[in-house]
Amino acid sequence: MGFVSVVFFFSRAFCSPIAVFVQIQGCIICLCLAIGWAFAAFVRNREIKRMKHNMKAGNSFAFLCSDIHELDHSHQVHLPGVSVVMPLKGFGEHNLCNWRSQITSLYGGPLEFLFVVESEEDPAYHAVSRLLSDFKDEIDAKIVVAGLSTTCSQKIHNQLVGAEWMCKDSKYILFLDDDVRLHPGSVGALTTEMEKNPEIFIQTGYPLDLPSGSLGSYCIYEYHMPCSMGFATGGKTFFLWGGCMMMHADDFRYDRYGVVSGLRDGGYSDDMTLAAIAGAHKKLITSPPVAVFPHPLASDLNFSRYWNYLRKQTFVLESYISNVNWWMNKALFSTHCYLSWGFVLPYFMSMIHVTAALCIYIRGYAQGEATSISNGLLLVTCLAICTFIELLSMWNLTRIEVELCNMLSPEAPQLSLATYNWVLVFIAILVDNFLYPISAFGSHFSQSINWSGIRYYLKDGKISKIERTKDMGPIYTDLGGKHLGKKGAPPKDTFLGNLTLSVAQWRQPKKYDV
(Lines give C-alpha, C1' and ligand atoms only; values in the text may rest on other atoms or scores of the structure.)
Protein backbone atom coordinates (compact mmCIF):
# COMPACT_ATOMS: atom_id res chain seq x y z
CA MET A 1 0.00 0.00 0.00
CA GLY A 2 2.92 2.30 0.73
CA PHE A 3 4.30 1.88 -2.80
CA VAL A 4 0.91 2.64 -4.35
CA SER A 5 0.55 5.78 -2.23
CA VAL A 6 3.97 6.98 -3.35
CA VAL A 7 3.06 6.34 -7.00
CA PHE A 8 -0.19 8.32 -6.64
CA PHE A 9 1.64 11.14 -4.90
CA PHE A 10 4.21 11.51 -7.68
CA SER A 11 1.58 11.10 -10.38
CA ARG A 12 -0.41 14.00 -8.94
CA ALA A 13 2.81 16.02 -8.46
CA PHE A 14 3.72 15.43 -12.09
CA CYS A 15 0.50 17.18 -13.11
CA SER A 16 1.65 20.46 -11.57
CA PRO A 17 2.31 23.38 -13.97
CA ILE A 18 6.11 23.00 -13.80
CA ALA A 19 5.94 19.24 -14.34
CA VAL A 20 3.53 19.68 -17.23
CA PHE A 21 5.95 22.18 -18.77
CA VAL A 22 8.78 19.62 -18.50
CA GLN A 23 6.67 16.95 -20.21
CA ILE A 24 5.56 19.30 -22.97
CA GLN A 25 9.19 20.28 -23.42
CA GLY A 26 10.01 16.61 -23.94
CA CYS A 27 7.40 16.45 -26.69
CA ILE A 28 8.85 19.57 -28.31
CA ILE A 29 12.36 18.08 -28.27
CA CYS A 30 11.05 14.94 -29.98
CA LEU A 31 9.31 16.99 -32.67
CA CYS A 32 12.36 19.21 -33.24
CA LEU A 33 14.51 16.11 -33.75
CA ALA A 34 11.91 14.71 -36.15
CA ILE A 35 11.87 17.96 -38.17
CA GLY A 36 15.67 18.08 -38.29
CA TRP A 37 15.93 14.49 -39.51
CA ALA A 38 13.15 15.12 -42.04
CA PHE A 39 15.14 18.02 -43.52
CA ALA A 40 18.32 15.91 -43.59
CA ALA A 41 16.38 13.12 -45.32
CA PHE A 42 15.11 15.63 -47.90
CA VAL A 43 18.67 16.74 -48.75
CA ARG A 44 19.99 13.17 -49.06
CA ASN A 45 16.93 12.03 -51.02
CA ARG A 46 17.33 14.92 -53.44
CA GLU A 47 20.77 13.55 -54.28
CA ILE A 48 19.30 10.08 -54.85
CA LYS A 49 16.75 11.53 -57.27
CA ARG A 50 19.48 13.45 -59.09
CA MET A 51 21.53 10.29 -59.53
CA LYS A 52 18.54 8.31 -60.77
CA HIS A 53 17.68 11.07 -63.22
CA ASN A 54 21.24 11.05 -64.60
CA MET A 55 21.18 7.28 -64.93
CA LYS A 56 17.93 7.42 -66.90
CA ALA A 57 19.54 10.03 -69.13
CA GLY A 58 22.27 7.56 -70.02
CA ASN A 59 24.94 8.30 -67.39
CA SER A 60 25.61 4.86 -65.95
CA PHE A 61 28.48 6.36 -63.93
CA ALA A 62 26.27 8.79 -62.01
CA PHE A 63 27.72 7.43 -58.76
CA LEU A 64 31.06 8.95 -59.84
CA CYS A 65 30.01 12.26 -61.39
CA SER A 66 26.86 14.06 -62.50
CA ASP A 67 28.25 14.81 -65.97
CA ILE A 68 29.61 11.77 -67.83
CA HIS A 69 31.86 14.05 -69.89
CA GLU A 70 33.92 14.63 -66.73
CA LEU A 71 35.30 11.13 -67.29
CA ASP A 72 36.89 12.16 -70.59
CA HIS A 73 40.67 12.06 -70.65
CA SER A 74 40.83 15.74 -71.54
CA HIS A 75 39.14 16.54 -68.23
CA GLN A 76 40.88 13.94 -66.08
CA VAL A 77 44.41 15.13 -66.96
CA HIS A 78 43.65 18.53 -65.43
CA LEU A 79 42.42 17.22 -62.08
CA PRO A 80 44.40 18.52 -59.09
CA GLY A 81 46.63 16.31 -56.96
CA VAL A 82 45.33 15.02 -53.63
CA SER A 83 47.29 13.60 -50.71
CA VAL A 84 45.26 11.29 -48.47
CA VAL A 85 46.61 11.14 -44.91
CA MET A 86 45.36 8.34 -42.68
CA PRO A 87 46.50 8.37 -39.01
CA LEU A 88 46.36 4.77 -37.77
CA LYS A 89 46.21 3.13 -34.37
CA GLY A 90 45.74 -0.61 -33.98
CA PHE A 91 44.10 -3.12 -36.27
CA GLY A 92 40.48 -4.34 -36.14
CA GLU A 93 37.94 -6.46 -37.93
CA HIS A 94 36.78 -3.79 -40.40
CA ASN A 95 40.08 -2.04 -41.13
CA LEU A 96 41.05 -4.02 -44.23
CA CYS A 97 37.71 -3.33 -45.92
CA ASN A 98 37.94 0.34 -44.99
CA TRP A 99 41.52 0.71 -46.24
CA ARG A 100 40.71 -1.10 -49.49
CA SER A 101 37.82 1.28 -50.11
CA GLN A 102 40.18 4.21 -49.60
CA ILE A 103 43.06 3.13 -51.81
CA THR A 104 40.82 1.82 -54.62
CA SER A 105 39.29 5.24 -55.25
CA LEU A 106 38.34 5.95 -58.87
CA TYR A 107 39.67 9.49 -58.71
CA GLY A 108 41.41 10.26 -62.01
CA GLY A 109 43.90 12.86 -60.81
CA PRO A 110 47.25 12.44 -59.04
CA LEU A 111 46.53 10.63 -55.78
CA GLU A 112 48.85 9.48 -53.01
CA PHE A 113 48.11 7.67 -49.76
CA LEU A 114 50.07 8.20 -46.57
CA PHE A 115 49.41 5.68 -43.80
CA VAL A 116 50.85 7.21 -40.63
CA VAL A 117 51.57 5.05 -37.57
CA GLU A 118 53.14 5.78 -34.22
CA SER A 119 55.76 3.04 -34.56
CA GLU A 120 56.50 -0.19 -36.39
CA GLU A 121 55.27 -2.08 -33.32
CA ASP A 122 51.72 -0.91 -34.00
CA PRO A 123 49.63 -3.82 -35.40
CA ALA A 124 48.41 -1.44 -38.11
CA TYR A 125 51.93 -1.19 -39.55
CA HIS A 126 52.18 -4.88 -40.49
CA ALA A 127 48.55 -5.06 -41.65
CA VAL A 128 49.00 -2.08 -43.99
CA SER A 129 52.31 -3.47 -45.23
CA ARG A 130 50.62 -6.70 -46.30
CA LEU A 131 47.76 -4.78 -47.92
CA LEU A 132 50.06 -2.52 -49.94
CA SER A 133 52.15 -5.49 -51.07
CA ASP A 134 49.02 -6.83 -52.79
CA PHE A 135 48.75 -3.67 -54.89
CA LYS A 136 52.51 -3.13 -55.39
CA ASP A 137 52.96 -0.49 -58.11
CA GLU A 138 49.24 0.00 -58.80
CA ILE A 139 48.91 2.85 -56.32
CA ASP A 140 51.11 5.57 -54.85
CA ALA A 141 51.12 4.68 -51.17
CA LYS A 142 53.62 4.60 -48.35
CA ILE A 143 53.75 4.02 -44.61
CA VAL A 144 55.13 6.83 -42.47
CA VAL A 145 56.37 6.26 -38.91
CA ALA A 146 55.56 9.43 -36.96
CA GLY A 147 57.05 8.64 -33.55
CA LEU A 148 55.54 9.69 -30.23
CA SER A 149 53.62 12.92 -29.76
CA THR A 150 54.87 15.32 -27.09
CA THR A 151 52.74 18.46 -27.46
CA CYS A 152 49.41 17.23 -28.86
CA SER A 153 47.29 14.11 -29.20
CA GLN A 154 48.86 11.20 -31.04
CA LYS A 155 46.27 11.40 -33.80
CA ILE A 156 47.02 15.07 -34.47
CA HIS A 157 50.74 14.35 -34.37
CA ASN A 158 50.30 11.63 -37.01
CA GLN A 159 48.24 13.98 -39.16
CA LEU A 160 50.84 16.74 -39.03
CA VAL A 161 53.67 14.35 -39.86
CA GLY A 162 51.62 13.05 -42.78
CA ALA A 163 51.13 16.64 -43.97
CA GLU A 164 54.90 17.13 -43.93
CA TRP A 165 55.36 14.06 -46.13
CA MET A 166 52.74 14.95 -48.74
CA CYS A 167 53.76 15.53 -52.33
CA LYS A 168 54.84 19.08 -53.12
CA ASP A 169 52.47 19.12 -56.10
CA SER A 170 49.35 18.17 -54.14
CA LYS A 171 46.73 20.89 -54.13
CA TYR A 172 44.50 19.32 -51.50
CA ILE A 173 45.02 17.18 -48.43
CA LEU A 174 42.37 14.73 -47.26
CA PHE A 175 42.44 13.44 -43.69
CA LEU A 176 40.62 10.15 -43.18
CA ASP A 177 40.10 8.00 -40.11
CA ASP A 178 40.77 4.31 -40.54
CA ASP A 179 37.12 3.51 -39.79
CA VAL A 180 35.87 5.44 -42.85
CA ARG A 181 34.59 3.31 -45.73
CA LEU A 182 34.83 5.49 -48.83
CA HIS A 183 32.76 5.26 -51.98
CA PRO A 184 34.58 5.00 -55.33
CA GLY A 185 33.71 8.60 -56.20
CA SER A 186 34.14 10.21 -52.77
CA VAL A 187 37.55 11.78 -53.40
CA GLY A 188 36.36 13.09 -56.75
CA ALA A 189 33.17 14.53 -55.28
CA LEU A 190 35.05 16.36 -52.53
CA THR A 191 37.65 17.68 -54.99
CA THR A 192 34.99 18.87 -57.42
CA GLU A 193 33.35 20.97 -54.73
CA MET A 194 36.71 22.45 -53.71
CA GLU A 195 37.40 23.36 -57.34
CA LYS A 196 33.96 24.93 -57.77
CA ASN A 197 34.35 27.15 -54.73
CA PRO A 198 37.93 28.11 -53.77
CA GLU A 199 36.54 29.88 -50.69
CA ILE A 200 35.89 26.53 -49.03
CA PHE A 201 38.23 26.10 -46.06
CA ILE A 202 37.29 22.53 -45.13
CA GLN A 203 35.07 19.93 -46.70
CA THR A 204 33.72 17.26 -44.43
CA GLY A 205 31.33 14.31 -44.30
CA TYR A 206 29.64 12.12 -41.72
CA PRO A 207 29.34 8.40 -40.90
CA LEU A 208 26.29 6.19 -41.14
CA ASP A 209 26.68 3.87 -38.17
CA LEU A 210 25.93 0.20 -38.77
CA PRO A 211 25.12 -1.21 -35.29
CA SER A 212 26.46 -4.67 -34.56
CA GLY A 213 23.49 -5.68 -32.38
CA SER A 214 24.72 -4.78 -28.89
CA LEU A 215 23.16 -2.01 -26.82
CA GLY A 216 26.51 -0.21 -26.81
CA SER A 217 26.58 -0.08 -30.62
CA TYR A 218 23.03 1.30 -30.71
CA CYS A 219 24.02 3.96 -28.18
CA ILE A 220 26.81 5.02 -30.56
CA TYR A 221 24.34 5.12 -33.45
CA GLU A 222 21.88 7.21 -31.42
CA TYR A 223 24.65 9.54 -30.25
CA HIS A 224 25.68 10.31 -33.82
CA MET A 225 22.20 10.70 -35.31
CA PRO A 226 21.32 14.17 -33.92
CA CYS A 227 24.62 15.51 -35.28
CA SER A 228 23.77 14.15 -38.73
CA MET A 229 21.37 17.07 -39.19
CA GLY A 230 24.27 19.52 -39.28
CA PHE A 231 26.10 17.51 -41.93
CA ALA A 232 23.11 17.01 -44.24
CA THR A 233 22.78 20.62 -45.33
CA GLY A 234 24.09 19.97 -48.83
CA GLY A 235 26.39 22.97 -48.43
CA LYS A 236 27.52 25.34 -45.70
CA THR A 237 27.69 23.97 -42.19
CA PHE A 238 29.20 24.86 -38.83
CA PHE A 239 29.95 21.25 -37.96
CA LEU A 240 33.11 19.30 -38.68
CA TRP A 241 33.86 15.59 -38.42
CA GLY A 242 37.51 14.61 -38.03
CA GLY A 243 36.95 11.31 -39.84
CA CYS A 244 36.83 13.11 -43.21
CA MET A 245 38.35 16.55 -43.77
CA MET A 246 39.61 17.90 -47.11
CA MET A 247 41.62 21.12 -46.97
CA HIS A 248 43.97 23.18 -49.10
CA ALA A 249 47.46 21.69 -48.87
CA ASP A 250 49.07 25.14 -48.73
CA ASP A 251 47.21 25.88 -45.51
CA PHE A 252 49.48 23.28 -43.90
CA ARG A 253 52.62 24.11 -45.88
CA TYR A 254 52.51 27.74 -44.78
CA ASP A 255 50.57 27.41 -41.52
CA ARG A 256 47.81 29.68 -42.79
CA TYR A 257 45.36 30.84 -40.12
CA GLY A 258 47.49 28.97 -37.59
CA VAL A 259 46.16 25.54 -38.56
CA VAL A 260 49.48 23.79 -37.87
CA SER A 261 50.41 25.69 -34.72
CA GLY A 262 46.85 25.50 -33.41
CA LEU A 263 46.87 21.72 -33.75
CA ARG A 264 50.48 21.14 -32.72
CA ASP A 265 50.61 23.34 -29.64
CA GLY A 266 48.41 21.45 -27.21
CA GLY A 267 45.70 20.29 -29.61
CA TYR A 268 43.53 17.42 -28.38
CA SER A 269 40.72 17.25 -30.95
CA ASP A 270 41.50 17.85 -34.63
CA ASP A 271 37.95 18.67 -35.73
CA MET A 272 37.06 20.91 -32.79
CA THR A 273 40.33 22.83 -33.14
CA LEU A 274 39.94 23.36 -36.89
CA ALA A 275 36.27 24.28 -36.51
CA ALA A 276 37.27 26.92 -33.95
CA ILE A 277 39.93 28.28 -36.33
CA ALA A 278 37.36 28.39 -39.15
CA GLY A 279 34.94 30.28 -36.93
CA ALA A 280 37.56 32.75 -35.74
CA HIS A 281 38.59 33.60 -39.32
CA LYS A 282 35.06 33.32 -40.75
CA LYS A 283 36.14 30.55 -43.10
CA LEU A 284 33.71 28.29 -44.95
CA ILE A 285 33.01 24.67 -43.99
CA THR A 286 30.83 22.62 -46.33
CA SER A 287 29.50 19.09 -46.50
CA PRO A 288 28.31 17.78 -49.88
CA PRO A 289 25.20 15.55 -49.82
CA VAL A 290 27.14 12.52 -51.09
CA ALA A 291 29.60 12.68 -48.19
CA VAL A 292 27.95 10.01 -46.04
CA PHE A 293 30.04 6.92 -45.33
CA PRO A 294 29.15 3.47 -43.98
CA HIS A 295 30.64 2.98 -40.53
CA PRO A 296 30.42 -0.64 -39.33
CA LEU A 297 30.78 -0.91 -35.56
CA ALA A 298 32.69 -3.70 -33.85
CA SER A 299 30.75 -6.91 -33.36
CA ASP A 300 31.94 -7.09 -29.75
CA LEU A 301 31.31 -3.44 -28.89
CA ASN A 302 30.16 -3.81 -25.31
CA PHE A 303 28.62 -1.22 -23.06
CA SER A 304 31.87 -0.45 -21.28
CA ARG A 305 33.56 0.47 -24.53
CA TYR A 306 30.60 2.72 -25.39
CA TRP A 307 31.04 4.48 -22.05
CA ASN A 308 34.74 5.06 -22.74
CA TYR A 309 33.85 6.48 -26.15
CA LEU A 310 31.27 8.80 -24.61
CA ARG A 311 33.84 9.98 -22.08
CA LYS A 312 36.23 10.89 -24.90
CA GLN A 313 33.48 12.73 -26.77
CA THR A 314 32.42 14.84 -23.80
CA PHE A 315 36.06 15.52 -22.92
CA VAL A 316 36.39 17.30 -26.28
CA LEU A 317 34.35 20.20 -24.89
CA GLU A 318 37.04 20.80 -22.27
CA SER A 319 39.61 21.70 -24.95
CA TYR A 320 39.68 25.14 -26.56
CA ILE A 321 42.08 27.55 -28.28
CA SER A 322 40.56 30.94 -27.43
CA ASN A 323 38.18 32.64 -25.02
CA VAL A 324 35.45 32.69 -27.67
CA ASN A 325 35.97 28.97 -28.22
CA TRP A 326 35.75 28.41 -24.44
CA TRP A 327 32.41 30.24 -24.23
CA MET A 328 31.03 28.33 -27.19
CA ASN A 329 32.08 24.98 -25.71
CA LYS A 330 30.52 25.84 -22.36
CA ALA A 331 27.31 26.92 -24.08
CA LEU A 332 27.24 23.64 -25.98
CA PHE A 333 28.04 21.77 -22.77
CA SER A 334 25.19 23.41 -20.86
CA THR A 335 22.67 23.12 -23.70
CA HIS A 336 23.41 19.47 -24.37
CA CYS A 337 23.19 18.53 -20.70
CA TYR A 338 19.93 20.43 -20.24
CA LEU A 339 18.32 18.94 -23.33
CA SER A 340 19.55 15.41 -22.53
CA TRP A 341 17.97 15.23 -19.09
CA GLY A 342 15.07 17.38 -20.30
CA PHE A 343 14.45 14.63 -22.86
CA VAL A 344 14.73 11.69 -20.43
CA LEU A 345 12.75 13.13 -17.49
CA PRO A 346 9.33 13.11 -19.27
CA TYR A 347 9.69 9.36 -19.86
CA PHE A 348 10.29 8.81 -16.16
CA MET A 349 7.20 10.90 -15.41
CA SER A 350 5.20 8.93 -17.97
CA MET A 351 6.23 5.68 -16.31
CA ILE A 352 4.83 6.95 -13.01
CA HIS A 353 1.55 8.00 -14.67
CA VAL A 354 1.16 4.61 -16.34
CA THR A 355 1.97 2.78 -13.10
CA ALA A 356 -0.67 4.82 -11.24
CA ALA A 357 -3.23 4.07 -13.95
CA LEU A 358 -2.50 0.35 -13.71
CA CYS A 359 -2.92 0.47 -9.94
CA ILE A 360 -6.34 2.10 -10.37
CA TYR A 361 -7.35 -0.47 -12.97
CA ILE A 362 -6.19 -3.48 -10.91
CA ARG A 363 -7.19 -2.37 -7.42
CA GLY A 364 -10.34 -0.41 -8.31
CA TYR A 365 -9.78 2.96 -6.66
CA ALA A 366 -12.38 5.70 -6.42
CA GLN A 367 -13.53 7.61 -9.47
CA GLY A 368 -12.09 10.81 -8.08
CA GLU A 369 -8.62 9.26 -7.93
CA ALA A 370 -8.99 8.03 -11.49
CA THR A 371 -9.94 11.52 -12.64
CA SER A 372 -6.76 12.97 -11.16
CA ILE A 373 -4.71 10.45 -13.17
CA SER A 374 -6.43 11.12 -16.50
CA ASN A 375 -4.49 14.34 -17.10
CA GLY A 376 -1.26 12.42 -16.63
CA LEU A 377 -2.33 9.81 -19.16
CA LEU A 378 -3.11 12.57 -21.64
CA LEU A 379 0.49 13.77 -21.33
CA VAL A 380 1.69 10.18 -21.74
CA THR A 381 -0.33 9.86 -24.93
CA CYS A 382 1.13 13.08 -26.34
CA LEU A 383 4.66 11.93 -25.54
CA ALA A 384 4.02 8.53 -27.12
CA ILE A 385 2.77 10.15 -30.33
CA CYS A 386 5.75 12.52 -30.47
CA THR A 387 8.14 9.63 -29.80
CA PHE A 388 6.62 7.62 -32.64
CA ILE A 389 7.01 10.59 -35.01
CA GLU A 390 10.63 11.02 -33.87
CA LEU A 391 11.51 7.35 -34.42
CA LEU A 392 9.72 7.35 -37.77
CA SER A 393 11.75 10.34 -38.93
CA MET A 394 14.93 8.71 -37.64
CA TRP A 395 14.07 5.49 -39.49
CA ASN A 396 13.32 7.42 -42.69
CA LEU A 397 16.66 9.26 -42.63
CA THR A 398 18.53 6.01 -41.99
CA ARG A 399 16.60 4.33 -44.82
CA ILE A 400 17.51 7.09 -47.26
CA GLU A 401 21.16 7.14 -46.21
CA VAL A 402 21.35 3.35 -46.63
CA GLU A 403 19.91 3.70 -50.15
CA LEU A 404 22.30 6.54 -50.97
CA CYS A 405 25.32 4.54 -49.76
CA ASN A 406 24.21 1.55 -51.84
CA MET A 407 23.95 3.74 -54.93
CA LEU A 408 27.33 5.38 -54.32
CA SER A 409 29.03 1.98 -53.92
CA PRO A 410 27.22 -0.31 -56.40
CA GLU A 411 30.05 -2.88 -56.32
CA ALA A 412 30.08 -3.26 -52.53
CA PRO A 413 27.87 -5.61 -50.48
CA GLN A 414 24.54 -3.84 -50.18
CA LEU A 415 23.53 -2.40 -46.83
CA SER A 416 20.12 -3.20 -45.37
CA LEU A 417 17.85 -1.47 -42.91
CA ALA A 418 16.58 -4.86 -41.79
CA THR A 419 19.54 -5.26 -39.44
CA TYR A 420 18.40 -2.35 -37.25
CA ASN A 421 16.53 -3.19 -34.04
CA TRP A 422 14.27 -0.21 -33.33
CA VAL A 423 13.37 -1.35 -29.83
CA LEU A 424 17.06 -1.16 -28.96
CA VAL A 425 17.25 2.20 -30.72
CA PHE A 426 14.58 3.61 -28.39
CA ILE A 427 16.30 2.14 -25.32
CA ALA A 428 19.62 3.56 -26.53
CA ILE A 429 18.05 7.02 -26.87
CA LEU A 430 17.09 7.00 -23.20
CA VAL A 431 20.35 5.46 -22.00
CA ASP A 432 22.59 7.76 -24.00
CA ASN A 433 20.76 10.95 -23.03
CA PHE A 434 20.73 9.92 -19.37
CA LEU A 435 24.48 9.19 -19.33
CA TYR A 436 25.66 12.19 -21.35
CA PRO A 437 25.47 14.78 -18.52
CA ILE A 438 27.16 12.33 -16.13
CA SER A 439 30.00 11.84 -18.59
CA ALA A 440 30.19 15.57 -19.34
CA PHE A 441 30.51 16.55 -15.68
CA GLY A 442 33.04 13.77 -15.13
CA SER A 443 35.15 15.16 -17.97
CA HIS A 444 34.84 18.68 -16.60
CA PHE A 445 36.11 17.80 -13.13
CA SER A 446 38.78 15.27 -14.12
CA GLN A 447 40.52 17.30 -16.89
CA SER A 448 42.22 14.09 -18.02
CA ILE A 449 41.31 11.25 -20.36
CA ASN A 450 42.68 7.88 -21.42
CA TRP A 451 42.70 7.62 -25.21
CA SER A 452 43.90 4.27 -26.59
CA GLY A 453 46.24 3.70 -23.65
CA ILE A 454 47.60 7.27 -23.54
CA ARG A 455 46.51 9.61 -20.77
CA TYR A 456 46.21 13.28 -21.67
CA TYR A 457 45.95 16.11 -19.14
CA LEU A 458 44.51 19.50 -20.04
CA LYS A 459 45.43 22.91 -18.74
CA ASP A 460 43.77 26.06 -20.07
CA GLY A 461 42.11 23.99 -22.78
CA LYS A 462 45.33 22.49 -24.16
CA ILE A 463 47.28 19.31 -23.54
CA SER A 464 49.83 20.01 -20.84
CA LYS A 465 50.98 16.49 -19.98
CA ILE A 466 51.06 13.09 -21.69
CA GLU A 467 51.54 9.81 -19.84
CA ARG A 468 52.27 6.46 -21.46
CA THR A 469 52.50 3.14 -19.65
CA LYS A 470 53.14 -0.02 -21.67
CA ASP A 471 51.36 -2.50 -19.44
CA MET A 472 48.33 -0.38 -18.61
CA GLY A 473 45.36 0.88 -20.55
CA PRO A 474 42.96 -0.85 -22.94
CA ILE A 475 44.15 -3.37 -25.53
CA TYR A 476 41.20 -2.54 -27.79
CA THR A 477 39.78 0.72 -29.08
CA ASP A 478 36.12 1.52 -28.53
CA LEU A 479 34.28 1.59 -31.85
CA GLY A 480 36.28 -0.58 -34.21
CA GLY A 481 37.46 -3.13 -31.66
CA LYS A 482 41.00 -2.63 -32.94
CA HIS A 483 43.83 -4.46 -31.21
CA LEU A 484 46.38 -1.93 -30.00
CA GLY A 485 49.23 -4.38 -29.45
CA LYS A 486 49.45 -3.80 -25.70
CA LYS A 487 51.54 -6.15 -23.59
CA GLY A 488 50.32 -7.80 -20.45
CA ALA A 489 46.88 -8.95 -19.43
CA PRO A 490 44.06 -6.55 -20.17
CA PRO A 491 42.40 -5.00 -17.15
CA LYS A 492 38.89 -6.03 -16.27
CA ASP A 493 36.86 -3.38 -18.02
CA THR A 494 33.30 -2.91 -16.81
CA PHE A 495 30.90 -0.03 -17.14
CA LEU A 496 30.36 0.27 -13.38
CA GLY A 497 34.08 0.13 -12.78
CA ASN A 498 34.75 2.87 -15.28
CA LEU A 499 31.91 4.98 -13.91
CA THR A 500 33.28 4.60 -10.37
CA LEU A 501 36.74 5.63 -11.51
CA SER A 502 35.32 8.61 -13.38
CA VAL A 503 33.56 9.83 -10.23
CA ALA A 504 36.73 9.29 -8.22
CA GLN A 505 38.73 11.35 -10.72
CA TRP A 506 36.73 14.43 -9.82
CA ARG A 507 38.88 14.71 -6.67
CA GLN A 508 42.11 12.93 -7.66
CA PRO A 509 42.37 12.93 -11.45
CA LYS A 510 45.98 11.72 -11.53
CA LYS A 511 45.55 8.57 -9.44
CA TYR A 512 43.26 6.66 -11.71
CA ASP A 513 43.47 5.21 -15.19
CA VAL A 514 40.15 4.57 -16.91
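A few remarks follow.
- Here Lys196 meets each of (1) more than 30 Å from Lys459 (Cα to Cα); (2) touching a Pro at 6+ places or on another chain (Cβ under 9 Å) with one exception, condition (2).
- Yes/no for Leu131 being in contact with a helix residue (DSSP H, G or I) (Cβ under 7 Å, 6 or more places away or on another chain), modelled with pLDDT under 95 and farther than 30 Å from Glu467 by Cβ: yes
- One residue alone among Ser129, Ser105 is closer than 30 Å to Asp300 by Cα and either assigned to a loop (DSSP other than H, G, I, E, B) or touching a Pro at 6+ places or on another chain (Cβ under 7 Å) (or both), and that residue is Ser105.
- Test: residue in region 323-344 that is touching a residue at least 12 places away in the same chain (Cβ under 8 Å) and not in a helix (DSSP H, G or I): no
- Only one of the listed residues (Ser101, Ser133, Ser129) is open to solvent by less than 30 Å² (accessible area, probe 1.4 Å) and not basic (Lys, Arg). That residue is Ser101.
- Search result, residues across region 168-182 that are charged (D, E, K, R) and touching a strand residue (DSSP E or B) at 6+ places or on another chain (Cβ under 8 Å): Asp169, Lys171, Asp177, Asp178, Asp179, Arg181
- Within region 26-43, residues that are over 18 Å from Val290 (Cβ atoms) have Cβ atoms under 6 Å from residues that are open to solvent by 20 Å² or more (accessible area, probe 1.4 Å) in these pairs: Cys27/Cys382; Ala34/Ile389; Gly36/Met229, counting only partners at least 6 apart in sequence or on another chain.
- Being touching a residue at least 60 places away in the same chain (Cβ under 8 Å), open to solvent by 10 Å² or more (accessible area, probe 1.4 Å), within 17 Å of Pro288 (Cβ to Cβ) and touching a helix residue (DSSP H, G or I) at 6+ places or on another chain (Cβ under 8 Å) is a property that Tyr206 has.
- Restricting region 428-472 to residues that are part of a loop (DSSP other than H, G, I, E, B) and either among the acidic types (Asp, Glu) or at pLDDT 90 or above (or both), the residue that is nearest to Glu121 (Cα to Cα): Asp471
- Of all residues in region 154-199 being part of a loop (DSSP other than H, G, I, E, B) and acidic (Asp, Glu), the one that is surrounded by the fewest Cβ atoms within 10 Å (Cβ to Cβ): Glu199
- Top-ranked residue of region 252-269 - restricted to ones that are in contact with a Phe, Trp or Tyr (Cβ under 7 Å, 6 or more places away or on another chain) and not in a loop (DSSP other than H, G, I, E, B), ranked as surrounded by the most Cβ atoms within 10 Å (Cβ to Cβ): Val259
- For region 224-247, taking the residues that are outside any loop (DSSP other than H, G, I, E, B) and open to solvent by 40 Å² or more (accessible area, probe 1.4 Å), the one that is farthest from Ala40 (Cα to Cα) is identified as Lys236.
- Selection of region 286-317 for residues being open to solvent by 10 Å² or more (accessible area, probe 1.4 Å) and charged (D, E, K, R) yields Asp300, Arg305, Lys312.
- Residue check, Ile29 assigned to a helix (DSSP H, G or I), touching a Phe, Trp or Tyr at 6+ places or on another chain (Cβ under 8 Å), open to solvent by less than 40 Å² (accessible area, probe 1.4 Å) and among the hydrophobic types (A, V, I, L, M, F, W, C): yes
- Whichever residue in region 125-169 is among the aliphatic types (A, V, I, L, M) and in contact (Cβ under 8 Å) with a residue 60 or more places away in the chain and, among such residues, is nearest to Leu263 (Cα to Cα): Ile156
- Qualifying position, being touching a Gly at 6+ places or on another chain (Cβ under 6 Å), of a type outside the set (Lys, Arg) and touching a residue at least 24 places away in the same chain (Cβ under 8 Å), among Tyr309, Tyr268, Tyr257, Tyr320: Tyr320
- Pairing residues of region 178-199 that are under 17 Å from Leu64 (Cβ atoms) with residues that are assigned to a helix (DSSP H, G or I), at Cβ distances under 6 Å and at least 6 apart in sequence or on separate chains, gives Arg181/Asn98; Arg181/Ser101; Leu182/Ser101; Leu182/Gln102; His183/Leu408.
- Considering only residues in region 433-453 that are out of contact with any Ser or Thr (no Cβ under 8 Å at 6 or more places or on another chain) and open to solvent by less than 40 Å² (accessible area, probe 1.4 Å), the one that is farthest from Ser149 (Cα to Cα) turns out to be Leu435.
- Residues (open to solvent by less than 40 Å² (accessible area, probe 1.4 Å), of a type outside the set (Phe, Trp, Tyr) and either part of a loop (DSSP other than H, G, I, E, B) or closer than 18 Å to Leu174 by Cα (or both)) located in region 109-126: Gly109, Leu111, Glu112, Leu114, Val116, Val117, Glu118, Ser119, Asp122
The values are calculated or read from the model by the stated rules, or taken from the named source; none is laboratory data. Remember, it's a predicted structure, so these values are computed and weren't measured experimentally. Here Cβ is always computed from backbone atoms with ideal geometry, including for glycine, and neighbour counts include all displayed protein chains. Just so you know, the surface numbers come from the protein's heavy atoms only, side chains and all, with ligands and any DNA or RNA stripped out. Shrake-Rupley method; radii C 1.70, N 1.55, O 1.52, S 1.80 Å.
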